[in-house]
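The values are calculated or read from the model by the stated rules, or taken from the named source; none is laboratory data. This is a predicted model, so every value here is computed, not measured. Counting neighbours? That spans all protein chains shown, and the Cβs are built from the backbone with ideal geometry, glycine included. Only protein heavy atoms, including side chains, enter the accessible area calculation; ligands, DNA and RNA are left aside. Shrake-Rupley method; radii C 1.70, N 1.55, O 1.52, S 1.80 Å.
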Amino acid sequence: MLFATTAVAAPLRGRVIDAETRQPIEGATVFAGEREATTAADGSFEVDLVATITVLADRHEPQVVNVTGGPLVIALASGTGEVIEVAGERVAPTPGAIALDRAKLAVIPGARGDLLSGVKNLPGIANNGSLTPLSSGLIIRGASPESSRILVDGFEIPVLYHFLGVQSVIPTEMLGGLEYLPGAFGVGYGRASGGIVAVTSREEQPKQAGGFAELSFVNVAGLVQGPIGDKASYAVAARRSVIDAILAGVLPSDSGLSFTAYPRYYDYQGKVTYRPREHWKLGAFVFGSDDRVELATDGDNAMDPAASGSFSNATSFTRAIASASYRKPGFEMTSGVSAYTDTNHFTVGSDRFLLLDRDGVAARGEVGWDAHPKLRLIAGAEADLTRTGYDIKFTRPPREGDPRGPNFTRDALIVETGSNTFRDLAAWASAIATPVRALELTMGARVDGYLRNDAYVVQPRGQAVWHVSEGSTLRLAGGLYSRPPEYLDQGLQPDLDPERVTQLALGGERKLTSALTATATVFENRMSDLVVLPVDRADPAAVGGYENIGSGVSRGVELLLKLQRDDLFGWIAYTGAVAKRRDAPGMAERRFDYDQTHNLIAVASWQISPKWKLGGRFQLTTGRPETPVMGATYQADLDLYLPTYGAPSSQRVDLQHQLDVRVDRTWKFQRWKLAAYLDISNVYLNAAAISYQYNFDYTERTAITTLPIIPSFGLRGEL
């Protein structure tokens, strides 16, 4: 019996325990490559160090665990439950990749208990501020936010964060684990030329009914969960923001703003898991969110009269995912189908609007088979069908590299009503071979078909992993990646080609001690066929649309020193990188809008006692690029000044730095527990500049900054 086949001449030691009683399991069988072992009376075992081990025990669910080194503590659940605890490291699927459990990311200071907000502290992700218009996406290794994908159980979600990035759209408690792939990932992921953040929905199967209720400065939340017979379980959760209540109480009456709908959001989730027989697992996950804000201003906007009066934004989505998996040593099969609907309605003034309504269905499946002790084969396919209905009377969105904001009065308008359908298909296959004990080679290819654009892209990808010695690994990975031209108004042009990126990454990992790991990665991404608008988007007389004439490059180094103990965990992450673009052949190269030369993050969380936990986070980053205003020209016919810009992105805003702290306190009672936390972002009130705004004739400028401090206090009662 065998699940994976990467073996080296080094021992892997661990213990197998019962997840509920925490007692050792004697007589469990551990399969590791060509060798198997039986656990002793204390649950201990020793096998060869391999990439993946399979653990079987009577009256317990079989578990497959990815590892790079020991020691491990593997917790098996009896009956139909499933819990996996890995005290060692999970194997990294590509250089720079990180797999972290939700409990650790959620308590990072500044994340406000949110797993997907904690992702921004990982190497390779640029600092794009907090609670700002820039904070709603992820900039990974110099790629635009739309070039990366966020996946839940293998399917993309249309938005990641609520309004201004205050919170992710899925609470931590409804998620299982997280895998961060900044680039050079395998053939199983596509339609992304940047990185991948892949999260899985929760897998816990509680033995009895329970739940929690929580109230914080951010939202009010609740969850109920419990078993359904012996083979199934459920979990239902919901949240609602409290920002609207806070703003109503603190907004000055003379602010000039009149909210007809204060910023507010809802989100909701429901998950059912069913294990009909051994090796099989079925799941159904339904989740969604709804965001809305409306405001009115008193007074005219002299610079942009069409934008006077009001502003509203309403965004919502619902996604349903049904999944099935079959796993046994040597064979694995996963499949899923998803249906979704979402809306994005944006209005400015009385006569400018962007109304998008989408619905679609997607499916994917993958099979892995150990054809030989030294060869594993993987094959899969996926399909996505999306219909988008639109009603537009709006300006073209400012593109990357354009310093001008939209002007709804003077800029050229897109006036379109209709619908289009995107049909994206993909298939992939790869082989993982271990020709010698310390070397693993992966070769494969993925074919993506973007049928609306009549484009097909064959993308070869590969990786070599060399286990140099116990605790030391080198990885080299690379390949071709593509992104469909479906972002915003790109979808109105079926003649565009997908953007392409050739990625290469070299990484090394070293286990310094049982608790301390060092990782270093260097990468280079070369971009071609970037979608560029070569004409002036603001000129009503301009003729022509987008073209695939842009190019770019990003390269850098990522360093990570990670500490993980029972009572203390944290890391120091540094990213040094450069990202540049060329809008057309022969044009000058310029900085990418989100180019960030240096990004240093230090995170720590210390479990002082069973009752107290203390954490801190410090971040120091290069300011984002800024295009300077060199002067202004008075236009008598418009009665306003128009700015004259310098070289694009030739300056930067000031260096950014901040310190966040978090304190957790827990009280345990006989049948329930109460937890409180205080999470403060930017404790020393350093409001960082993210951009600049100018007066009417552009002779003076003031910084647009982040909030000087973001405190959050929360209470949670849990059964």
Could you give the length gained by full extension between Gln23 and Arg387, i.e. 0.36 nm per residue of separation minus their alpha carbon distance, to one decimal place?
125.7 nm
With a cap of 13 neighbouring Cβ atoms within 10 Å, and only residues DSSP puts in a loop, list the GluC sites (Glu not before Pro) found in the stretch 512-599.
Glu589
Enter the Cα centre distance for the pair the stretch 670-702 and the stretch 595-666, rounded to the nearest angstrom.
10 Å
Summed over the other residues with a beta carbon less than 11 angstrom from that of Gly623, with K and R at +1 and D and E at -1, the charge totals -1
Accessible surface, 1.4 Å probe, highest first, among residues Phe713, Phe592:
Phe713, Phe592
Order of exposure, largest accessible area first, which applies to Tyr546, Tyr456, Tyr694 with probe 1.4 Å
Tyr456, Tyr694, Tyr546
Can you find, among Pro171, Leu533, Ala99, the residue sitting farthest towards the positive end of the charge dipole of the chain, where Lys and Arg contribute +1 and Asp and Glu -1 at Cβ?
Ala99
Sequence of Met587, Met630, Met174 when ordered by accessible area, the most exposed leading, probe 1.4 angstrom:
Met630, Met587, Met174
Area of Ser148 that stays accessible when all protein chains are in place (1.4 Å probe, Å², to 10)
10 Å²
Specify which labelled value, from (i) 30.3; (ii) 43.5; (iii) 38.5, agrees with mean projected area of the Cα convex hull in nm² derived from the coordinates of the model shown.
(i)
I'd like the Karplus ³J(HN,Hα) series for the stretch 209-223: coefficients 6.51, -1.76, 1.60, θ = phi - 60°, whole numbers in Hz, and an x wherever there's a Gly or Pro.
5, x, x, 7, 10, 9, 10, 9, 5, 8, 7, 10, 9, x, 8
Given the whole protein assembly as supplied and a 1.4 Å probe, what does the accessible area of Thr38 come to in Å², nearest 10?
90 Å²
For Arg526, placing the label point 7 angstrom along Cα-to-beta-carbon and taking the stretch 555-583, residues whose amide nitrogen sits under 16 Å are 555-556, 580-582
With label points set 7 Å from each Cα along the Cα-to-Cβ direction at His345 and Lys207, the distance between them in nm comes to 4.9 nm
Carbon and sulfur %, accessible surface of the stretch 387-474 computed with the full protein complex present, 1.4 Å
60 percent
Points 7 angstrom from Cα along the Cβ direction at Tyr698 and Asp300: gap in nanometres?
2.3 nm
Please give the charge dipole size of the chain, origin at the Cα centre, charges +1 on K and R Cβ atoms and -1 on D and E Cβ atoms. Round to the nearest 20 debye.
1820 debye
Given a 1.4 angstrom probe, I'd like the percentage of the accessible area of the stretch 508-566 that is carbon and sulfur, rounded to a whole number.
56 percent
Label point at Val436 placed 7 Å out along Cα→Cβ; residues across the stretch 363-381 whose backbone nitrogen lies under 17 Å:
374
How far apart, in nanometres, would the label points at Gln493 and Ala542 be if each is projected 7 angstrom from Cα along the Cα-to-Cβ direction?
1.1 nm
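Carbon and sulfur: what percent of the stretch 638-687's accessible surface (1.4 Å probe)?
Answer for the stretch 638-687 is 56 percent, counting heavy atoms of protein chains only.
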SASA check, Thr341, accessible area w/ 1.4 Å probe, all protein chains in place, rounded to nearest 10 Å², comes out at 70 Å²
Give the residue from Leu560, Pro62, Tyr641 lying farthest towards the positive end of the charge dipole for the chain; charges sit on Cβ (+1 for Lys and Arg, -1 for Asp and Glu) and the dipole is referred to the Cα centre.
Pro62
Per the rule of 0.36 nm per residue minus the C-alpha distance, extending Ala445 to Thr513 adds in nm 20.8 nm
How much accessible area per residue does the chain have, in Å², with a 1.4 Å probe?
43 Å²
Where a Cα-Cα gap under 19 Å defines reach, which lysines qualify for Lys374, not counting those fewer than 8 residues away within the same chain?
Lys328
Cα centroid distance between the stretch 184-225 and the stretch 412-454, in Å?
25 Å
Going through the stretch 275-348, which trypsin sites (Lys or Arg not before Pro) have at most 13 other Cβ atoms within 10 Å and a DSSP loop state?
Arg277
Would you grab the residues whose amide H sits under 5 Å from the one on Ile139? Only those 5+ places off in sequence or on another chain, please, with H modelled 1.01 Å from N.
Ala126
What's the magnitude of the charge dipole for the stretch 326-404 around its Cα centre, counting Lys and Arg as +1 and Asp and Glu as -1 at the beta-carbon? Answer in Debye, nearest 20.
200 debye
